[in-house]
Amino acid sequence: MSVSWYIAKRYLLAQRRSRFLSFITSITILGISLGTSALIVTLSILDGFEREIKDKVIGFSSHIQVQGYQNLPLSNSQHSIELLKEKIPDIKSISPYAAREGMIRSKDHVDGIFLKGVNPNISFSNPSMHITEGSFLRGDQAGMPEIVIGRKLANRLDVNLSDKLVVFAVPRGDPQHLQPRAKQFVLVGIYESGMAEYDDIYAYTQLSEAQKLFQMGNEISGMDILVHDASRAQAIAKQVEEVLPYPHYARTVFQLYRNLFSWINLQQRLSPLLLSLIILVATVNIIGTVLMFVLDKAHAIGILKSMGASSNLIQRIFTLQGLIIALIGIGLGNVLAYAVCFIQLHFKIFSLSSEIYYMNTVPILLKLENFALVTGIAFILCFLTTVLPSRAAAKMDPMTILRFG
């Protein structure tokens, strides 16, 4: 054990006899721990928001969505799918769909919906992962067509599993020459994703049933495309437009929900910066705390210097004192942050409005990098703030201290 470490530890433990210095030390540790934990929790929440929103939005709309200009239906879909898979190896999977607005009626209620017909055998639709009652479309059942709706829509319609629902739709074309079509479905599943925008209006049925209802024949409304690397979605979307002729055009999920992802990026930039001020203020308190230690131990400093202790040794003693306080505060902050994140992950005690935040509970994503980053930044700030008072202690004149101390 080095001399500086031994003396610093003895000095720090001796402060317990001074209630005032002990109180100041406790306040400094508390400030550092709260600042550290607040920043870690914030980063974990922001990462959780990004993951949840990306997963849910991509689950409902895919990485890339191919549609026709002016909502023109797309023909020869099977040929287009085979061509895309052959020309673009970065594509993971393709799911054709037929989707339009319509009205849905239960026994006592009527509401508006967006009906999306998918092939349940190849669809990667998000609702299938959020089924709370029943099951997703089975696709192999003969008889009445199946439909899956969101929890909020089911509550408004006041329906349960196996209830019959009628969907009304107007086929594309001149409204004066087209009559609204109606088709009866049986409710086989209810999903709840926590995203009000989807749970309110999105309904799902088999692709073939949607094509019949909308009188589309073998045509489709578009294709959902998943890619292996989401960061290359924009480049792959351009390749899709080069491969497929008019009227096909492709848009990425980041273009479809540009405002949403811009909001996430803004939060990730500003929130950590603002909360870092808490750590900065807390670490500045170390200057005052260590200066008080220096004044309290001025006589001891004079004795050490008169016995031959170098200025570097005195500086190391009080630097170590400040760093011990900092490490205790940072350690407690990490423990507190992990405890808060763990409780939220398992007990969901903090809820959100799904109409605003696209989810009904505060999301958390625990990442070791966040703990390491905040710990590193806090330690560096604490080290820098101990340099000034430690240097002041090292420059003290032993003769003056012993004469007037």
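The values are calculated or read from the model by the stated rules, or taken from the named source; none is laboratory data. All values reported here derive from a predicted model rather than from experimental measurement. Note that each Cβ is placed from the backbone with ideal geometry, even for glycine, and that neighbours are counted across all protein chains shown. Heads up: the accessible areas ignore ligands, DNA and RNA and are worked out on the full protein's heavy atoms, side chains in. Shrake-Rupley method; radii C 1.70, N 1.55, O 1.52, S 1.80 Å.
Here's the picture: charge each Lys and Arg Cβ at +1 and each Asp and Glu Cβ at -1 in the chain, and of Asn126, Ala182, Leu74 the one pushed furthest to the positive end of that dipole is Asn126.
So which residue, out of Ser44, Ser354, Ser231, gets the largest mean-square fluctuation from a GNM of the chain using Cα contacts under 10 Å as springs? Looking only at Ser44, Ser354, Ser231, the largest GNM fluctuation is found for Ser231. Restricting attention to the chain, close to 80% of DSSP beta bridges with both partner residues there are antiparallel.
Here is the tail figure for region 153-250: Cα pairs spaced more than 22 Å apart come to 53 percent of all pairs.
Taking the Cα centre of the chain as origin and assigning +1 to Lys and Arg Cβ atoms and -1 to Asp and Glu Cβ atoms, the resulting dipole is close to 2100 debye. Ignoring aspartates and glutamates fewer than eight residues from Lys85 along the same chain, the ones with Cα atoms less than 20 angstrom from its Cα are Glu219, Asp224, Asp229, Glu241, Glu242. Expressed as a fraction of 2.2 N^0.38 Å, the C-alpha radius of gyration for region 240-328 is 2.35.
Please tell me the relative contact order of region 57-215 in percent, rounded to the nearest whole number, where contacts are Cα pairs under 8 Å and at least six residues apart. Contact order relative to length: 28 percent. Surface exposure of the chain, expressed per residue as accessible area with a 1.4 Å probe, stands at 51 Å². Fully extending the segment from Phe350 to Asn160, taken as 0.36 nm per residue of separation minus the present Cα-Cα distance, adds 65.5 nm.
For the chain, what is the relative contact order in percent, using Cα pairs closer than 8 Å and at least 6 residues apart in sequence? Reported as a whole number, the value is 28 percent.
Measuring between alpha carbons in the structure, the pairs from Lys54/Lys212; Lys92/Lys183; Lys56/Lys152; Lys116/Lys152; Lys54/Lys238 lying more than 25 angstrom apart are Lys54/Lys212; Lys92/Lys183.
Could you work out the per residue convex hull volume over the alpha carbons of the chain, in cubic angstrom?
That works out to 187 Å³ per residue.
Using a cut-off of 15 Å between alpha-carbon atoms, which aspartates and glutamates can reach Lys107, once sequence neighbours fewer than 8 places away in the same chain are excluded? Reachable aspartates and glutamates: Asp158, Asp163. Using the alpha-carbon positions of region 273-373, Rg (one decimal) and Dmax (whole number) come out as 21.3, 71 Å. Over the residues of the chain, the helix contribution to mean residue ellipticity at 222 nm works out to -18000 deg cm²/dmol, using -39500 (n - 2.57) for each DSSP H run of at least 4. Highest average first, the peptides 331-344, 311-324 ordered by how many other beta carbon atoms sit within 10 Å of their residues are 311-324, 331-344. Just check region 67-198 against the gyration tensor rule for me: Cα atoms, a ≥ b ≥ c as the square roots of the eigenvalues, rounded for a/c under 1.5, and otherwise prolate or oblate depending on whether a/b exceeds b/c. Here region 67-198 falls in the oblate category. At full extension, Arg269 and Val284 could sit 3.0 nm farther apart than now, given 0.36 nm per residue minus the alpha carbon distance.
Partner lysines whose Cα lies under 17 Å from the Cα of Lys297, excluding those fewer than 8 positions away in the same chain, are identified as Lys9, Lys305, Lys395. For region 31-119, the square roots a ≥ b ≥ c of the C-alpha gyration tensor eigenvalues yield an a/c of 1.5 or more together with a/b not exceeding b/c, which makes the shape oblate.
Rounded to the nearest 20, the size of the Cβ-charge dipole of region 275-369 about its Cα centre is 300 debye, with Lys and Arg at +1 and Asp and Glu at -1.
At an R0 of 41 angstrom, the distance between the Cβ atoms of Asp90 and Gln215 translates into a FRET efficiency of 0.70. The accessible-area ordering, largest first, of the residues His299, His228, His130 stands as His228, His299, His130, per a 1.4 angstrom probe.
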